[in-house]
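Report on the structure given below.
What follows draws every value from the coordinates through simple rules; no lab data is involved. Note that the coordinates shown come from a computational prediction; the quantities given were computed from them, not determined experimentally. Please note: Cβ atoms are built from the backbone with ideal geometry, for glycine as well, and neighbour counts cover all protein chains shown.
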Amino acid sequence: MNFFIKKLIIVIPTLYIAWTVVFVTLNIIPGDPVNLMLGGRPASEEVRENVRKNLGLDKPVAERYVSFLINATKGDLGKSYLTRQPVTKMIKENMMPTIQLSIGGLIFGVFFGVFFGIIAGTKPNSMRDTFAMVIALCGISLPSFWIGMMLIFIFGTTLGWVPIVGEGFVSLILPSISVGLFFAGGMARLTRSSLVDVLNQDYIRTAKSKGLSTYNIILKHSLRNAMIPPVTLLGIQFGLLITGAVITEEVFARPGLGQLLLQAILAKDIPLVQALVVYMTAVYIFLNLIVDFTYGIIDPRIRLERKSA
Amino acid sequence: MNRNKIILKRFLLNKGSAIGGIFLIVIIIGAVFAPVIAPYNWNAVDTGPRLSPPSLSYLFGTDIHGRDVFSRIVYGARYSLSVGVISVLFGIIAGSTFGITIAYIGGRVDIIGSRIIDVMFGFPSFLLSLLVVAIIGVGLWNVVFAVGLASIPHFARIIRSAALQVKEQPYIEAGINLGFGNLRIMFGHILPNIFPIIIVIATMDLGGAIISIASLSFLGLGAQPPEPEWGAMLSSGREYMRYAPWTMIYPGLFLFLTVMSVNLLGDRLSQALDARQSINRGKA
């Protein structure tokens with residue numbers, strides 16, 4: 001069977017089970033959502049019953065579950081308990097800042113990760129290898145919320161180089177660094193070890209003995225072969241961008257999906273939490289799918305293997 | 001045994017593991033002897049002027065309530081390191097049990113078990129932790145549980161594949177033929193043989209667990225004030241960043257250095273393990 005179709009078929013049960021888990025777990029949360037809707041105001045049994053009906057909570061769980069699944073595939077995920085707005089609308093409104101932040105973090109992470117990986121991997125066990133790897137170690141060890149605050153403190157408050165709040169490209173720089181740093185560290189370490197492996201291969205020796213320049217060997221012969229493990233990491237680390245969104249948006253007081261999720265959790269706004277988790281898992285699984293497909297583009301051997309399989 | 005000694009020696013003599021190890025020992029000593037080392041009680045308010053900068057009597061300054069930041073960091077070491085260890089222990093015990101069991105039984109159990117792991121991987125782990133906190137509520141121990149739970153699929157996957165390899169070894173077959181019980185084979189024979197791998201992945205995950213727990217505390221979901229957990233300290237220090245940056249700089253610095261030491265140890269341990277494997281293959 002075609003590799004792509006096979007992969008796509010696996011996605012559907014995974015999403016289905018993930019959404020079921022979300023529904024089940026969120027519906028066993030203790031506490032009556034009706035109290036939340038009423039905001040603690042005392043109300044007669046009649047009013048409570050009305051609210052319950054409005055929220056659809058008077059129906060049995062099984063029925064709610066089925067309609068949740070059907071509506072979810074249609075893109076209707078219910079209304080927020082707190083704002084009474086459709087949650088999909090709330091997600092749409094908060095999506096752009098998070099996408100910008102994720103792309104910013106990704107660009108920072110990939111660029112510096114691959115850069116330091118090349119610096120270290122092309123001359124293993126040298127001074128510059130140690131230097132680059134110490135930086136990478138710092139990258140994976142720095143708590144993103146702390147480095148976010150430090151960046152604000154150093155470049156925003158003390159030096160005044162970058163505006164702390166506001167919109168536009170410049171205000172995206174510091175948040176992107178704090179999202180992308182961990183990513184960059186992991187990327188650098190993996191690129192290094194992968195590159196060291198590749199540079200010991202026979203075809204690199206052949207390329208060297210043909211008299212090709214170092215530049216040519218590294219960029220054209222090694223890097224492409226060395227990029228498979230880092231690209232896999234890219235897929236796994238998409239989850240980090242969600243982490244980054246929640247924490248970095250909080251630190252930099254940026255609007256976005258992370259802020260929305262955090263507020264929804266703190267307020268126990270179940271439909272909103274449910275919708276955000278459904279949405280984020282779908283994006284996460286979908287992005288991993290794209291990564292799976294890119295292997296074939298990077299490495300023709302994998303493409304051929306898939307065809308023959 | 002001799003080989004293991006060589007590896008242990010290599011590990012101990014390594015510069016990286018020495019630096020990481022020494023720093024961690026300092027932190028552990030600090031945590032254990034906190035009442036002796038800390039000049040003030042961690043929760044004593046108005047020990048000095050509020051938000052006073054670092055000085056000889058207040059090494060890292062004081063916070064908004066006039067509490068000594070250094071004392072709070074020393075006591076906070078008790079939280080940050082131990083909650084990380086507990087959450088990793090929880091994750092690794094559950095993950096090992098699950099991974100070894102499905103690998104040993106094999107067949108359909110293995111297929112279904114692996115599918116469950118795959119589905120859990122569908123959730124980014126931080127999102128999973130957040131979801132768990134949303135269900136069981138806010139609090140330090142809930143966060144520890146949530147982070148541990150979210151790490152299970154990762155541990156289970158690695159340990160399953162390691163157990164699968166060990167399962168094929170002749171001594172396991174011998175055990176089966178000798179009539180050993182399944183539990184005895186799983187936990188008396190397979191487990192000890194993959195133990196080095198378990199130690200390495202647990203150490204490598206510890207740094208991440210410490211950061212996750214601190215992050216959740218920072219978001220207000222974990223440790224609650226006035227507890228001197230470093231993440232929670234950063235959360236309150238953040239408000240006074242402009243006037244009293246020391247309330248934000250030092251707790252984070254200690255968090256960072258602790259995580260870096262743990263990561264250093266994890267790196268060197270995994271290198272030592274690789275070295276052991278190559279010695280076994282007669283390479284190094």
Distance in nm between pseudo-label sites at A:Cys138 and B:Phe187 (7 Å out along the Cβ direction from Cα): 4.5
Just to be sure I follow the rule: in chain A, considering lysines 8 or more places apart or on different chains, how many pairs have Cα atoms under 16 Å apart? 11
Please give the Cα centre distance for segment B:112-187 versus segment B:43-60, rounded to the nearest Å. 46
Within a 10 angstrom radius of the beta carbon, how do A:Met127, B:Met204, A:Met227, A:Met96 rank from fewest other beta carbons to most? A:Met127, A:Met96, B:Met204, A:Met227
With the calculation restricted to Cα positions, what are the radius of gyration and Dmax of segment A:115-253 in angstrom? 18.1, 56
Over chain B, how many pairs of lysines fall under 24 Å by alpha carbon, counting only those 8 or more apart in sequence or from different chains? 4
Under a 10 Å cutoff between Cα atoms, tell me which one of A:Thr248, A:Thr191, A:Thr20 has the largest fluctuation in the Gaussian network model of chain A. A:Thr20
Got the relative contact order for chain B handy, in percent, Cα pairs under 8 Å and 6 or more residues apart? 25
How big is the shadow of the Cα convex hull of the protein assembly as shown, averaged over all directions, in nm²? 33.0
For helix A:228-251, what angle does its Cα long axis make with the longest principal axis of chain A, in degrees from 0 to 90 and rounded to 10? 50
Identify, among B:Leu265, B:Asn177, B:Ile116, the residue whose Cα sits farthest towards the positive end of the charge dipole of chain B, taking +1 on the Cβ of Lys and Arg and -1 on the Cβ of Asp and Glu, with the dipole about the Cα centre. B:Asn177
Residue order, fewest to most surrounding Cβ atoms within 10 angstrom, among B:Phe90, B:Phe195: B:Phe195, B:Phe90
Over chain B, with a Gaussian network built from C-alpha contacts below 10 Å, which listed residue (B:Ile197, B:Ile92, B:Ile210) shows the highest mean-square fluctuation? B:Ile197
Kirkwood hydrodynamic radius of segment A:105-162, Cα pairs, Å: 12.9
Over segment B:146-283, what is the relative contact order in percent, taking alpha-carbon pairs closer than 8 angstrom and at least six residues apart? 22
Expressed as a rounded percentage, what relative contact order does chain A have, with Cα pairs under 8 Å and six or more residues apart? 24
Give me the angle, in degrees from 0 to 90, between the Cα long axis of helix A:3-27 and the longest principal axis of the Cα atoms of chain A, rounded to the nearest 10. 40
Please state the Cα pair-distance histogram of segment A:196-302 with 5 angstrom bins from zero: what percent is in each bin? 2, 10, 15, 14, 12, 10, 9, 8, 7, 6, 4, 2, 1, 0
In cubic angstrom, how much convex hull volume per residue do the alpha carbon atoms of segment B:22-116 span? 137
Using a Gaussian network model on chain A with a 10 Å cutoff between Cα atoms, which of A:Leu77, A:Leu190, A:Leu212 fluctuates the most? A:Leu212
The helix A:127-141 Cα axis meets the longest alpha-carbon principal axis of chain A at an angle in degrees, between 0 and 90 and rounded to 10, of 10
One checks the Cα atoms of chain B and finds Rg and Dmax, in Å, of 22.2, 74
Scan around A:Lys79 for amide H atoms under 5 Å from its own, H built in the peptide plane at 1.01 Å from N, and keep only partners 5 or more places away or cross-chain. A:Val87
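If you take the square roots of the eigenvalues of the alpha-carbon gyration tensor of chain A and sort them as a ≥ b ≥ c, do you get rounded (a/c under 1.5), prolate (a/b over b/c) or oblate?
Oblate shape, in that a/c is at least 1.5 and b/c is the bigger or equal ratio.
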Residues with amide H under 5 Å from that of B:Thr62, placed H, sequence gap 5 or more: B:Leu51, B:Ser52, B:Val69
Projecting each Cα onto the charge dipole of segment B:1-107 (Lys/Arg +1, Asp/Glu -1 at the beta carbon, about the Cα centre), which of B:Gly21, B:Phe11, B:Ser87 comes out farthest on the positive side? B:Phe11
